[in-house]
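What follows is a short report on a single structure.
The values are calculated or read from the model by the stated rules, or taken from the named source; none is laboratory data. Not measured: the values here are computed from a predicted model. With ideal geometry, Cβ positions are generated from the backbone for all residues, glycine too; neighbour counts draw on all protein chains shown.
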There are 2 protein chains.
Amino acid sequence: MELEFLGTGSGQPSKFRNVASVALRLLDERNAVWLFDVGEATQHQILKTTIRPRKIEKIFISHLHGDHIFGLPGLLSSRSFQGADRNEPLTIYGPKGLRSFISAALRVSETHLSYPIHYVEIEEGVIFEDETFKVIAAPLRHRMESWGFRVEEKPHQGELLINKVKADKIPAGPVYGQLKAGETVQLADGRVVNGKDYLGPEQPGRVITIIFDTMPSDSELALAKGADVLVHEATYGMSKEESKMARAHGHSTSRDAANLAVKAGAKKLVLTHISARYIGPLLQRFIGDVHHVFGQVYVARDLDVIDVPFEKEQHD
Amino acid sequence: MELEFLGTGSGQPSKFRNVASVALRLLDERNAVWLFDVGEATQHQILKTTIRPRKIEKIFISHLHGDHIFGLPGLLSSRSFQGADRNEPLTIYGPKGLRSFISAALRVSETHLSYPIHYVEIEEGVIFEDETFKVIAAPLRHRMESWGFRVEEKPHQGELLINKVKADKIPAGPVYGQLKAGETVQLADGRVVNGKDYLGPEQPGRVITIIFDTMPSDSELALAKGADVLVHEATYGMSKEESKMARAHGHSTSRDAANLAVKAGAKKLVLTHISARYIGPLLQRFIGDVHHVFGQVYVARDLDVIDVPFEKEQHD
Ligand SMILES: [Zn+2]
Ligand SMILES: [Zn+2]
């Protein structure tokens with residue numbers, strides 16, 4: 001599981017930061033990639049990565065500002081070209097109005113996709129759940145309807161307690177695999193053993209929280225609680241003047257994001273949606289300032305990949 | 001007057017060619033830039049040039065396929081950001097349906113532009129004319145309505161025939177400027193002279209023809225007649241198999257474009273809208289083949305600038 005930052009800028013593209021998009025790479029977990037927001041030229045950024053458009057299984061759109069959605073028509077078209085012989089469906093989660101924008105763009109350009117799109121209009125709560133993942137959405141506070149996302153990996157089954165297996169003199173062999181899977185097995189000596197008795201405790205899955213455009217909002221805490229990685233917009237730095245600008249435009253400062261990380265007990269904070277004004281010394285000041293508030297912070301750059309490893313707890 | 005190629009690819013962006021857009025730089029002529037087609041990430045390409053979005057005075061759209069228009073919403077938005085204190089209007093010439101696509105994109109993203117857009121729905125004939133330029137549109141043959149453009153610079157006034165002026169013993173001074181401007185002047189010795197009698201013949205202005213997606217079409221000849229530069233799509237090379245593909249997709253081969261250049265007496269042919277398949281040796285073969293048909297050909301690359309100088313004829 002990795003986060004790949006396709007665009008870390010705000011408002012409009014600049015030489016160093018494209019507009020908003022971040023990919024959650026779930027290739028090991030489900031052979032899929034999820035995108036959060038698709039600013040213009042997201043498909044161009046993807047060309048610089050190893051992501052294959054047809055692996056994109058889900059797209060989550062936080063809100064309908066142009067710097068978060070204008071890359072959709074092109075990306076959807078190219079995904080069709082590149083996987084013409086395949087028909088992997090795509091699910092798009094977004095605010096009301098997204099579907100009609102996409103439809104209008106595809107209709108006017110006479111684009112006929114080779115795959116079906118399922119649209120899900122976001123409402124508060126669980127918007128997706130299967131055996132391995134759950135995604136929760138909560139409303140934020142922006143100049144228009146805007147949503148934050150919490151991606152929860154389901155708990156990992158406990159490890160096989162190998163010392164206990166040995167203590168009970170269960171002979172090595174394929175039976176270990178069955179026990180690992182929690183199955184009940186009859187041994188060669190006639191004993192019936194339950195795999196569940198030989199597994200350590202379940203281990204919690206990873207949590208990724210992605211919060212784009214918002215002013216500080218009470219709803220953020222539940223989304224970010226205990227996250228392994230909290231990705232948060234920080235359009236502005238933390239001076240008084242910058243704070244004012246942030247509020248005037250419905251945005252957060254780096255301090256807002258860091259405060260949330262502290263309060264939520266997030267393990268790591270990654271800032272994105274950075275105004276193009278922060279380059280050179282101004283960017284370094286931006287970074288330095290926020291480090292004082294929360295040490296485990298990283299200011300993303302375009303094409304950065306942040307690994308989110310599953311760390312097995314050792315049991316015996 | 002220069003042509004700057006912002007995207008020279010076809011269908012979808014590739015690592016080496018962005019989707020269609022070409023800028024006609026008229027900075028000396030009218031302190032303006034005109035764009036022809038605006039594929040996705042045209043504004044990103046512009047960031048790599050010296051073009052300022054607010055200098056973009058007119059946009060001409062050949063047809064509504066996504067690779068020719070998906071960059072419009074972002075470009076129009078950014079033009080607004082960057083010129084927030086200015087309100088230079090913009091005129092967009094395009095097929096029916098373009099206006100509603102742009103409106104839908106701006107409406108859903110709650111984008112309020114700082115400048116007015118004038119829309120002109122293209123019809124055959126002269127679509128723009130003022131003292132310095134005329135633009136003529138003609139229908140092409142593609143999978144949907146598609147238009148080609150001929151940009152004619154108005155004739156340049158003749159040069160002052162300085163030897164004739166001297167032969168008639170007109171004394172040097174500000175009067176030369178008046179004669180140059182074609183005015184009638186009373187000289188100090190009482191003679192009345194007409195500037196027009198001292199000017200060489202008018203010199204024809206430059207002609208640029210821009211023909212995007214089309215199969216060979218009778219309407220092309222009039223557009224391209226005697227052009228200083230004929231910009232033409234050549235999605236495919238000239239083998240029999242490539243020709244078949246070109247026709248199947250409503251496109252031209254490099255041979256189609258070169259044949260037109262020969263027939264029309266174009267001075268120079270610049271090929272664009274090149275399929276991403278042509279890289280390395282395949283591109284070199286593509287270039288080599290077309291050179292055999294028309295020597296004055298150039299296969300554009302992204303960000304190429306082609307100068308189109310006005311060459312004064314000398315008279316005496
Ligand atoms: Zn926004
Ligand atoms: Zn086309």
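Quick one: in the stretch A:96-105, of everything that is of a type in the set (A, V, I, L, M) and within 8 Å of chain B (Cβ to nearest Cβ), which residue is farthest from B:HIS63 (Cα to Cα)?
As a first pass, look at the stretch A:96-105 and keep what is of a type in the set (A, V, I, L, M): A:98, A:102, A:104-105.
Add one more test, that the residue is within 8 Å of chain B (Cβ to nearest Cβ), and what stays is A:98, A:104-105.
Details: A:LEU98: 24, A:ALA104: 15, A:ALA105: 13 Å.
Here the residue is A:LEU98.
Quick check on the stretch B:115-129. Is at least one of its residues outside the structural domain of B:LEU26 (by TED's automatic domain parsing) and either touching a residue at least 40 places away in the same chain (Cβ under 8 Å) or part of a strand (DSSP E or B) (or both)?
Initially, the stretch B:115-129 is screened for residues outside the structural domain of B:LEU26 (by TED's automatic domain parsing), giving none.
So far as the stretch B:115-129 goes, no, none of its residues is outside the structural domain of B:LEU26 (by TED's automatic domain parsing) and either touching a residue at least 40 places away in the same chain (Cβ under 8 Å) or part of a strand (DSSP E or B) (or both).
In the stretch B:55-67, which residue that is closer than 21 Å to B:TYR115 by Cα and within 16 Å of ligand 2 (Cβ to nearest atom) is farthest from the other protein chains (Cβ to nearest Cβ)?
The initial filter retains those residues of the stretch B:55-67 that are closer than 21 Å to B:TYR115 by Cα, namely B:55-61.
Those left that are additionally within 16 Å of ligand 2 (Cβ to nearest atom): B:60-61.
Working: B:PHE60: 17, B:ILE61: 11 Å.
Applying the filter and picking the extreme gives B:PHE60.
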Exercise for the section: Quick one: A:THR49 ticks every box in (1) within 20 Å of A:GLY148 (Cα to Cα); (2) of a type in the set (Val, Ile, Thr); (3) surrounded by fewer than 24 Cβ atoms within 10 Å (Cβ to Cβ) except a single one, so which number is it? Expected result: (1)
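Quick one: would you say A:HIS112 is within 16 Å of ligand 2 (Cβ to nearest atom) and not polar (S, T, N, Q)? Step through it out loud before you land on a result.
On the way: within 16 Å of ligand 2 (Cβ to nearest atom): yes; not polar (S, T, N, Q): yes.
When the stated conditions are applied, A:HIS112 passes them.
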Fill in the blank from the handout: When restricted to B:ARG79, B:ARG52, the only residue out of contact with any Leu (no Cβ under 9 Å at 6 or more places or on another chain) and away from ligand 2 (no atom under 16 Å from the Cβ) is B:ARG52
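Which one of A:LEU90, A:LEU3 is more than 14 Å from chain B (Cβ to nearest Cβ), within 18 Å of A:ILE306 (Cα to Cα) and among the hydrophobic types (A, V, I, L, M, F, W, C)? Walk me through it before giving the result.
On the way: A:LEU90 fails: within 18 Å of A:ILE306 (Cα to Cα).
Going through A:LEU90, A:LEU3 in turn, the sole match is A:LEU3.
Do you know which of the residues in the stretch B:107-118 that are more than 8 Å from chain A (Cβ to nearest Cβ) and closer than 23 Å to B:HIS65 by Cβ is nearest to the chain's Cα centre (by Cα)?
Of all residues in the stretch B:107-118, those more than 8 Å from chain A (Cβ to nearest Cβ) come to B:107, B:112-118.
Restricting the remaining residues to those that are closer than 23 Å to B:HIS65 by Cβ gives B:107, B:117.
Working: B:ARG107: 30, B:ILE117: 20 Å.
Among those residues, the one meeting the criterion is B:ILE117.
Yes or no: A:ALA246 within 20 Å of A:SER146 (Cα to Cα), exposed (fewer than 14 other Cβ atoms within 10 Å of the Cβ) and modelled with pLDDT of 95 or more? Please lay out each step first, then the result.
Values: within 20 Å of A:SER146 (Cα to Cα): yes; exposed (fewer than 14 other Cβ atoms within 10 Å of the Cβ): no; modelled with pLDDT of 95 or more: yes.
Against the criterion (within 20 Å of A:SER146 (Cα to Cα), exposed (fewer than 14 other Cβ atoms within 10 Å of the Cβ) and modelled with pLDDT of 95 or more), A:ALA246 does not qualify.
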Fill in the blank from the handout: Note on B:SER80: of the conditions (1) of a type in the set (Gly, Ala, Ser); (2) within 9 Å of another protein chain (Cβ to nearest Cβ); (3) within 16 Å of ligand 1 (Cβ to nearest atom), unmet is (2)
